[in-house]
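Presented below is the structure to which this report refers.
The values are calculated or read from the model by the stated rules, or taken from the named source; none is laboratory data. These numbers were taken from a predicted model, which means no experiment stands behind them. Cβ placement follows ideal geometry from the backbone for every residue including glycine, while neighbour counts extend to all protein chains displayed. Each accessible area value is taken on the protein alone, full model and side chains, heavy atoms only, with ligands, DNA and RNA left out. Shrake-Rupley method; radii C 1.70, N 1.55, O 1.52, S 1.80 Å.
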Amino acid sequence: MKKNNLKGWGSVAVHSGHQKDPNYAHLTPIYASSTYIFDSAEQGMHRFTGQEKGYIYGRWGSPSITEAEEKIAALETYGTSIEATAILHASGMAAITTLLMSTLSQGDKILSHFSLYGGTDELVHRILPRFGVSAVIEDLRDLEKAESALRQDKSIKMVYLETPANPTIQCVDIAALSALAKKYNCIVACDNTFATPYLQQPFTLGADFIVHSTTKFLNGHGTAIGGALVGKDIERMRGPIYKFHKTTGANSNAFDSFLLVQGMKTLEVRMERHCANAEQVARFLEGHKKVKKVNYTGLSSHPDFAIAAKQMKHPGALLSFEVEGGLQGGIQFMDKLNFCTRAVSLGTCDTLLSHPASMTHFSVPKEEKEKYGITEGLIRMHVGIETVDDIISDLDQALQ
Ligand SMILES: *Cc1c(COP(=O)(O)O)cnc(C)c1O
């Protein structure tokens, strides 16, 4: 939120949000305290009325949480005059739930693309409809389709974007869709988890809200689950949205916030390495005779290559590829991996691979899977920051 005189991206990532500790600890200590004391009844009253700044109760915030929130807001607005504020959550899903439930009401709809994160998909298709909020799903890479949906349905109040997205790394044009949304008086929210503020700044492209699963690249080490909701409308963020978050108990905790703060300090160097490695891995896979197809936005063969190049600094660290032999081929490939890690999730230091057809999407019907581009031999890969030759030689031996 606060703009100071820090110039470089790396400097902001390391220093922003930090407050000098009253006991001179170098890092903000983990405030493992459920409540905060008042020197007098009067001080308690002043904290409650907001006349005096200060913490009151752990569910409403703590210094560890504030530091993480200010750092995220500083990174999402880096290099701009945009003011934004962040609210840290217990998970990415908690942040998305706060966003949707505190900004939408019964009868409202959201417009979104079809390749939503699984939890978000579940929320908008199975949970929110019970409260009268539903989703219109379109292929948002087609701007005409997006506009006709907005024109036809006046109950659409939010355009919800997730770019790049699982599993074929599709991207949608944030600036073009934001401009359309504004024309029809809709708010725009963007899940920026895959790109991180280092690669993509949705606020500069017209988004009103950004959500993150901080579990991924922001934490960067796979040590904690967390989420953030960032918004440009400060009054709304500090008012009804913060109130929703604090009342539903969606808050994070001091330990996870501490880990997140340390992780964010190295985001720039990690992303540079993740992305450089991913580009090399993608090229290796593209040239491999046992690989049928590679989905990576850094390859000109990807349908969203141009959109990614326009709105992202680098094409990112996520890719997917198809091995021969269908389901069995995918399983065999996964079992042969020695060096890389078999796991879902992303954003960790190590390379993670998963096989949607036998894991995350095992119970999804085949036709449904195909709609999302999940073929039986599709492998999803998060490229880590290890020495790239080691990653490539493991893939090579597993493909034999
Ligand atoms: C992981 C993820 C989420 C959910 O975050 P959690 O921290 O697991 O709740 C949401 N969106 C995207 C794009 C994700 O990758």
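Here are a few things to note about the model shown:
- Residue 121 being within 30 Å of residue 168 (Cα to Cα), of a type in the set (Asp, Glu) and either within 16 Å of the ligand (Cβ to nearest atom) or touching a Leu at 6+ places or on another chain (Cβ under 7 Å) (or both): yes
For (1) farther than 30 Å from residue 346 by Cβ; (2) in contact (Cβ under 8 Å) with a residue 24 or more places away in the chain; (3) touching a Pro at 6+ places or on another chain (Cβ under 8 Å); (4) not hydroxyl-bearing (Ser, Thr, Tyr), each residue gets a yes or a no:
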residue: 30; (1), (2), (3), (4): no, yes, no, yes
residue: 41; (1), (2), (3), (4): yes, no, no, yes
residue: 44; (1), (2), (3), (4): yes, no, no, yes
residue: 97; (1), (2), (3), (4): no, yes, no, no
residue: 123; (1), (2), (3), (4): no, yes, no, yes
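- Test result for residue 137, more than 26 Å from residue 260 (Cβ to Cβ) and open to solvent by 40 Å² or more (accessible area, probe 1.4 Å): yes
- Residue in the range 268-275 that is touching a residue at least 60 places away in the same chain (Cβ under 8 Å) and either of a type in the set (Asp, Glu) or on the phi > 0 side of the Ramachandran plot (or both) present: yes
- Of the helices (runs of 4 or more DSSP H) lying entirely inside the range 1-81, those containing at least 3 residues that are closer than 30 Å to residue 189 by Cβ are 9-15, 63-76.
- Tally, over the range 160-201, of residues that are open to solvent by less than 10 Å² (accessible area, probe 1.4 Å), within 16 Å of the ligand (Cβ to nearest atom) and part of a strand (DSSP E or B): 5
- One residue from 52, 70 being closer than 23 Å to residue 267 by Cβ, among the acidic types (Asp, Glu) and open to solvent by less than 70 Å² (accessible area, probe 1.4 Å): 70
- Here is the figure for the range 62-90: residues that are small (Gly, Ala, Ser) and either farther than 21 Å from residue 240 by Cβ or not assigned by TED's automatic domain parsing to the domain that holds residue 12 (or both) total 6.
- Residue 73 over 24 Å from residue 360 (Cα atoms) and aliphatic (A, V, I, L, M): yes
- Boolean, residue 107 is farther than 27 Å from residue 371 by Cβ, more than 16 Å from the ligand (Cβ to nearest atom) and touching a Gly at 6+ places or on another chain (Cβ under 7 Å): yes
- Complete set of residues in the range 312-339 that are surrounded by fewer than 19 Cβ atoms within 10 Å (Cβ to Cβ), out of contact with any His (no Cβ under 8 Å at 6 or more places or on another chain) and either part of a helix (DSSP H, G or I) or on the phi < 0 side of the Ramachandran plot (or both): 313, 324, 326, 327, 328, 332, 335, 336, 337, 338, 339
Here is a yes/no grid of residues against (1) in contact with a His (Cβ under 9 Å, 6 or more places away or on another chain); (2) more than 20 Å from residue 34 (Cα to Cα):
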| position | (1), (2) |
| --- | --- |
| 208 | no, yes |
| 213 | no, yes |
| 228 | yes, yes |
| 241 | no, yes |
| 249 | no, no |
| 252 | yes, no |
| 256 | no, no |
| 262 | yes, yes |
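- Residues that are in a loop (DSSP other than H, G, I, E, B), within 14 Å of the ligand (Cβ to nearest atom) and either free of Cβ contacts under 8 Å to residues at least 40 places away in the same chain or open to solvent by less than 10 Å² (accessible area, probe 1.4 Å) (or both), drawn from the range 202-238: 214, 217, 218, 219, 220, 224, 226
- Subset of the range 243-264 that is surrounded by fewer than 19 Cβ atoms within 10 Å (Cβ to Cβ) and not hydrophobic (A, V, I, L, M, F, W, C) - its residue that is farthest from the ligand (Cβ to nearest atom): 243
- All positions within the range 140-151 that are more than 16 Å from the ligand (Cβ to nearest atom) and either buried (at least 21 other Cβ atoms within 10 Å of the Cβ) or hydrophobic (A, V, I, L, M, F, W, C) (or both): 143, 146, 149, 150
- A Cβ distance below 6 Å, combined with a sequence gap of six or more or placement on separate chains, defines the contacts here; from the range 328-339, residues that are in the same structural domain as residue 379 (by TED's automatic domain parsing) reach residues that are among the hydroxyl-bearing types (Ser, Thr, Tyr) and assigned to a loop (DSSP other than H, G, I, E, B) in the pairs 331/358.
- Qualifying residue in the range 279-290 (condition: in contact with a strand residue (DSSP E or B) (Cβ under 6 Å, 6 or more places away or on another chain) and crowded, with 16+ Cβ neighbours inside 10 Å): yes
- Filter pass, residue 373 being part of a loop (DSSP other than H, G, I, E, B), at positive phi, surrounded by 16 or more Cβ atoms within 10 Å (Cβ to Cβ) and not assigned by TED's automatic domain parsing to the domain that holds residue 91: yes
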